[in-house]
Amino acid sequence: MGSPDTAVRRDALRERLCPLDVDVALVTNLVNIRYLTGFTGSNAALVVAADGADVFCTDFRYRTQSAEQIPDLEHVIERNCAAALAGRLAEAGVGRVGYESHEVTVDGLAALTDGLPDAELRSLQRAVEDLRAVKDEAEVDLTREACAIADRALAHLMAAGGIRPGRTERAVGRDLDGRMLDHGAEQPSFETIVASGPNSAVPHHRPTGRALAAGDFVKFDFGAAYGGYHSDMTRTVVLGPAADWQREVYAVVLEAQRLGREALRIGADVRDVDAAARDHIKAAGYGEHFGHGLGHGVGLQVHEAPTVSYLGAGTLADRMLVTVEPGVYLPGRGGVRIEDTLAVRPDGPELLTLTSKDLTVL
């Protein structure tokens, strides 16, 4: 797998500074800093300057790590990174400083204002997040492997008989997490959802001590992190036998998911992609039971731009990584969600989560 070219990413941000009418970007969001530098520590700030004089700051704990991860930038070692870089900018007489207004607290903004008394502070308007929405091939490769790890873990859980009546949701979830780690995950992408019986009608149910039982829908929403990138997949099975109503609901969601996947194309409006799946669920009479968006971007965070929803805005671009996850949730009875992670491509979406979506009856 290729290594991300962080210098290219900083240059892409640099190109956005002039339209934003700023001289430098002061980046303080750690995920954005990782994207722009490769740094994986817990304290940092970064200046990306229009003139190329970029500066990275972290504290003493990460002196050696940052030198290894970011050998191409000037380093400042200080505990209060944002304040230290603000002081450098003030000394240099920088006039217009872009900051991450969606991340900086009121107190943080006050500190920046005090540290840059002669500068004009302006919003970066999620410039880094917008760059992150379109992946490079190295990012797609890492996400593909994260998806493969999750696929293998679920397959081995099923083959070992780990999904059976009598096991609790919590035990099954821990089992699946352990198998993802065994197959190479750095960690689960998020708290694994195992939702059985009536709990499967709760979109983001947290596993409990409820024991799986014959006749249950069992919904798994889980993912693996690999190289900092996340997978996200949902599969719903039935502990047999399957009732007619379960087969009907499953078939509706499966077809909606297919329609949503096929709508993923370069230039597609995210609301139209959502509608491709949602309209089918409405036509089947289950519209009131599908209340969340169809999907979201995936990358260094498991939820990031773009938002694929009736409330979203914007269009899809080549190499965006998104989920398609329609669901139908019947309170007190059970629910189905089917979710894949996919890459938007010129010739149609590339499916990254490969576990079968045919109804599985265990």
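No value in this document is a laboratory result; all are computed from the given coordinates. As the structure is a prediction and not an experimental result, all values here were calculated from the model. FYI the Cβ positions are ideal-geometry reconstructions off the backbone, even for glycines, and counts take in every protein chain you see.
One equal scatterer on each Cα of the stretch 137-351, no solvent, Debye formula: the resulting log10 I(q)/I(0) at q = 0.08, 0.17, 0.18 Å⁻¹ is -0.26, -1.17, -1.28. Pairs Lys282/Lys357; Lys135/Lys219; Lys219/Lys357: which are spaced more than 24 Å apart, C-alpha to C-alpha? Long pairs (Cα-Cα over 24 Å): Lys135/Lys219.
This model, with +1 at the C-beta of Lys and Arg and -1 at the C-beta of Asp and Glu, gives the chain a dipole about its Cα centre of some 1340 debye.
Within 10 Å of each residue's Cβ, count the other Cβ atoms and sort Cys81, Cys18, Cys147 from fewest upward.
Numbers: Cys81 21, Cys18 10, Cys147 28.
Ordered by Cβ neighbours within 10 Å, fewest first: Cys18, Cys81, Cys147.
Kirkwood radius and radius of gyration were both taken over the C-alpha atoms of the stretch 94-134, and their ratio Rg/Rh is 1.04. Unpaired cysteine residues in the chain (no second Cys Cβ under 4.7 Å): Cys18, Cys147.
Could you calculate the FRET efficiency of Cys18 with Ala283 from 1/(1 + (r/R0)^6), where r is the beta carbon distance between them and R0 is 45 Å, rounded to 0.05? Please report the intermediate quantities before stating the final value.
Working: r = 48 Å, r/R0 = 1.07.
Computed FRET efficiency for Cys18 and Ala283 comes out at 0.40.
A simple count of charges around Ile149, restricted to other residues whose Cβ falls under 11 Å of its Cβ and scoring Lys, Arg +1 and Asp, Glu -1, yields -1. For Cα extents along the principal axes in Å, computed directly from the structure shown, the correct entry in (i) 57, 42, 40; (ii) 72, 40, 38; (iii) 68, 50, 38 is (ii).
Short-range pairs are left out: with C-alpha atoms under 8 Å and at least six residues apart, the relative contact order of the chain is 14 percent. The length gained by stretching the chain between Glu137 and Asp107 to full extension, at 0.36 nm per residue less their Cα-Cα distance, is 6.9 nm. Dividing the mean sequence gap of close Cα pairs (under 8 Å, 6+ apart) by how many residues the stretch 6-132 holds gives a relative contact order of 27 percent. When both the stretch 5-27 and the stretch 110-156 are represented by their alpha-carbon centers, they are found 14 Å apart. Panel order for Val22, Val97, Val361, Val134, by other beta carbons found within 10 Å of each beta carbon, from fewest to most: Val361, Val134, Val97, Val22.
When a footprinting reagent is the concern and you count Cβ atoms within 10 Å, what order do Lys219, Lys135, Lys357 take, fewest first? Could the numbers behind the result be given before it?
Working: Lys219 28, Lys135 25, Lys357 20.
Result, fewest neighbours first: Lys357, Lys135, Lys219.
Write down the percent of antiparallel bridges among all DSSP beta bridges whose residues are both part of the chain, to the nearest 5.
Details: 40 of 52 bridges.
About 75 percent, rounded to the nearest 5.
Rounded to the nearest 500, the 222 nm mean residue ellipticity of the chain from helices alone is -11000 deg cm²/dmol, with -39,500 (n - 2.57) taken per DSSP H run of at least 4 residues.
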